[in-house]
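Asks: Handing you this structure, nothing more for now.
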Amino acid sequence: MIVPVLKEFLAQNPQVEIVFVSRKNFSDLFLNIERLTFCGVNLDDYKGVFGLRKLVKKLNKEHQPTFVADLHDVLRSKIMTILFKLRRKKIATIDKGRKEKNELTRKENKIKKPLKSTPERYADVFRKLGFSLKLSHQLPENFHQKSGIGLAPFAQHAGKMLPIEKSLELVKILSRKNEVFLFGGGKKEVEILKQWESEIENTTSLAGKLSLKEELKKISELEVMISMDSANMHLASLVGTRVVSVWGATHYFAGFLGYGQSEKDIVEISDLECRPCSVFGNKPCYRGDYACLNQIEISEILNKI
């Protein structure tokens with residue numbers, strides 16, 4: 001979700017260069033961004049305080065940053081910002097809004113209102129550092145010849161995933177008139193989607209076959225992507241593909257709707273008092289029935305498409 005923010009920040013601040021530090025496997029997300037250097041790190045090489053001190057020393061020597069933006073606010077990044085501050089760097093840290101997110105997701109007396117979007121929270125970090133930044137919240141232009149429908153039926157947590165039998169039925173209906181491309185990652189997901197591909201005409205499983213760069217290219221060529229509240233929604237945002245997103249235990253009020261995506265393209269059970277029960281969908285359903293997902297009708301998704 002940070003990528004579109006960085007692009008707009010650099011466009012509006014042409015005198016600035018960014019060194020972006022993250023895990024090595026995210027490098028394809030940052031290709032061809034002018035004045036951005038991606039610094040891929042294997043965190044196993046920098047364990048503990050002494051390891052992080054080694055990383056800070058390396059970054060300071062190789063890149064000599066003037067400002068440090070902590071866009072994560074976890075223990076590791078907190079330690080690094082302290083170490084940078086000792087080197088007299090100007091620091092700013094993201095405000096994740098933990099208190100209001102807790103009020104949004106608690107079991108009783110929820111305060112159910114839209115919170116600041118995550119991209120705006122990222123932008124605030126740069127604003128704290130003294131830079132101007134106004135986000136467009138628009139999908140990037142996409143000039144590809146588009147065909148086919150993408151479906152990413154899985155999510156990291158059960159609270160964010162449509163029942164698998166409903167996703168299967170959705171594929172069967174869509175494939176009657178459309179070419180359908182299936183996306184997934186884990187070993188079990190690959191096996192399930194491979195089976196769907198063998199059973200359903202006009203269906204191709206791409207699970208486990210593409211690099212991140214290749215996956216982004218394929219998503220950019222789709223007419224529409226159907227995704228849970230998951231990474232695939234955000235990948236589609238990067239390449240300007242519209243998403244019909246399915247939300248269960250989570251809620252876009254928490255600020256994680258894909259950048260430039262429309263609230264009108266959301267599928268959800270909006271009148272459940274228990275929603276949302278968590279920010280990331282990682283808490284067990286206290287009702288025990290995942291009504292937020294089981295009550296969603298396939299027809300609602302088809303209508304959005």
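The values are calculated or read from the model by the stated rules, or taken from the named source; none is laboratory data. The model shown is predicted, which means the values in this text are computed figures rather than measured ones. So basically every Cβ, Gly included, is an ideal-geometry build from the backbone, and we count neighbours across all protein chains shown.
Asks: For region 63-110: of the residues being surrounded by 13 or more Cβ atoms within 10 Å (Cβ to Cβ) and among the β-branched types (Val, Ile, Thr), which is nearest to the chain's Cα centre (by Cα)?
Replies: Here the answer is 94.
Asks: Out of the residues in region 8-32 meeting the condition of being surrounded by fewer than 17 Cβ atoms within 10 Å (Cβ to Cβ) and within 19 Å of the chain's Cα centre (by Cα), tell me which one is nearest to residue 119 (Cα to Cα).
Replies: Among residues in region 8-32 that are surrounded by fewer than 17 Cβ atoms within 10 Å (Cβ to Cβ) and within 19 Å of the chain's Cα centre (by Cα), the one nearest to residue 119 (Cα to Cα) is 26.
Asks: I've got another one for you. Would you check if residue 175 is touching a residue at least 40 places away in the same chain (Cβ under 8 Å), within 19 Å of residue 243 (Cα to Cα), among the hydroxyl-bearing types (Ser, Thr, Tyr) and surrounded by fewer than 22 Cβ atoms within 10 Å (Cβ to Cβ)? Even if it seems obvious, please write down each step before you answer.
Replies: Numbers: touching a residue at least 40 places away in the same chain (Cβ under 8 Å): no; within 19 Å of residue 243 (Cα to Cα): yes; among the hydroxyl-bearing types (Ser, Thr, Tyr): yes; surrounded by fewer than 22 Cβ atoms within 10 Å (Cβ to Cβ): yes.
Answer is no for this residue.
Asks: Here is a further query. Tell me which of these residue 263 doesn't satisfy, since it passes every other one: (1) surrounded by 23 or more Cβ atoms within 10 Å (Cβ to Cβ); (2) farther than 18 Å from residue 156 by Cα.
Replies: Residue 263 satisfies every listed condition except (1).
Asks: Output the number of residues of region 268-284 satisfying the condition of being touching a Leu at 6+ places or on another chain (Cβ under 9 Å) and either surrounded by fewer than 19 Cβ atoms within 10 Å (Cβ to Cβ) or among the aromatic types (Phe, Trp, Tyr) (or both).
Replies: As a first pass, look at region 268-284 and keep what is touching a Leu at 6+ places or on another chain (Cβ under 9 Å): 269, 276, 279.
Now drop any that are not either surrounded by fewer than 19 Cβ atoms within 10 Å (Cβ to Cβ) or among the aromatic types (Phe, Trp, Tyr) (or both), which leaves 269.
Number of matching residues: 1.
Asks: Right, something else. Cβ contacts < 9 Å: first residue without any contact (Cβ under 8 Å) to a residue 60 or more places away in the chain and more than 15 Å from residue 157 (Cα to Cα), restricted to region 224-246; second residue of a type in the set (Phe, Trp, Tyr) and assigned to a helix (DSSP H, G or I), any location; separation 6+ or different chain. Result?
Replies: Qualifying pairs under 9 Å: 245/252.
Asks: Sort through 248, 288 and tell me the only one that's assigned to a loop (DSSP other than H, G, I, E, B), modelled with pLDDT of 95 or more and of a type outside the set (Ser, Thr, Tyr).
Replies: On the way: 288 fails: modelled with pLDDT of 95 or more.
Answer to the selection: 248.
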